Amino acid sequence: MVSIEVTKDEHIKDILNIYGYYVLNSAATFEVEVPEYDDFYNRVKTIQEKYPYLVALYNEKVAGFAYAAPLRNRKAYDYSCETTIYIHNEFLNKSIGKALYNKLFDYLKRQNIINIYACITGSNEESILFHEKLGFEKAAHFHKCGYKFNTWHDILWLEKIISNHSNTPSPFINFNDL
């Protein structure tokens, strides 16, 4: 059984373990060393000051996480965000990612976010297909911009529009104020 929750302090070690697997074994992230716990903890807490950071629990075990973060740090970008998602390698293909993103998107709509972006390594076809199935479309392609595991990697920026672009959009709402 899958449940989606807002990340709590007790989840962060498990989230870091999931993320660390991808740091060490894939080009899904361009980090090459697993972050120290304190640094990672601070990253989570900084994101949670304004945006949702969610975990998926599968039979009460942390099976994945997803969060939103600012696309850029200028006021005009308040209606756009970048999303990130990682699923524990033992829990792939169980619809956990879809459940996480659906809940994340619900929160983002309530925050008056309109544009969602995902930055994905070009060789990560599974993630690209996953995002496309959820309505993301290719917006940009950067060639050979990351070097990891003795290989140059492209990145793709995908976008999903989740609300209407009005001339007077409702103001951004901090996640903690929902």
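Here, each number is a calculation from the coordinates, and none is a lab measurement. All figures in this text were calculated on a predicted structure; none of them were measured in a lab. Don't worry about glycine lacking a Cβ; one is built from the backbone with ideal geometry, like all the others, and counts go over all protein chains shown.
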Segment 97-178: spread of alpha-carbon positions along the three principal axes, whole Å, largest first, is 45, 29, 23
Roughly what % of Cα-Cα distances in segment 76-115 sit above 15 Å, to the whole percent? 47
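Summing +1 for each Lys or Arg and -1 for each Asp or Glu, what net charge is found among the other residues whose Cβ lies under 15 Å from the Cβ of Lys50? Walk me through the numbers before you get to the answer.
Values: positive: Arg43, Lys45, Arg72, Arg74, Lys75, Arg110; negative: Glu49, Asp78, Glu82, Asp177.
Result for the local shell: +2.
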Relative packing of 37-47, 79-89, which averages over residues the other C-beta atoms within 10 Å, highest first: 79-89, 37-47
Per 5 Å bin, what percent of the C-alpha pairs of segment 11-75 does each bin hold, from zero upward? 4, 16, 23, 26, 20, 8, 3, 1, 0
Among Asn17, Asn174, Ile113, pick out the residue whose Cα is farthest towards the positive end of the charge dipole of segment 2-177, where Lys and Arg carry +1 and Asp and Glu carry -1 on C-beta, about the Cα centre. Ile113
For segment 1-122, calculate the relative contact order in percent as a whole number, restricting contacts to Cα pairs under 8 Å that are 6 or more residues apart. 26
Most to least packed among 97-104, 29-36 [average Cβ atoms within 10 Å]: 97-104, 29-36
If the viscosity is 1.567 mPa s and the temperature 4 °C, what Stokes-Einstein diffusion coefficient in µm²/s follows for segment 2-177 when Rh is the Kirkwood radius over Cα pairs? 77
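Quick check: residue separation of Asn73 and Glu33 times 0.36 nm, minus the Cα distance between them. What number comes out in nm?
Numbers: separation 40, 0.36 × 40 = 14.40 nm, distance 2.56 nm.
Once the chain is fully extended between Asn73 and Glu33, it gains 11.8 nm.
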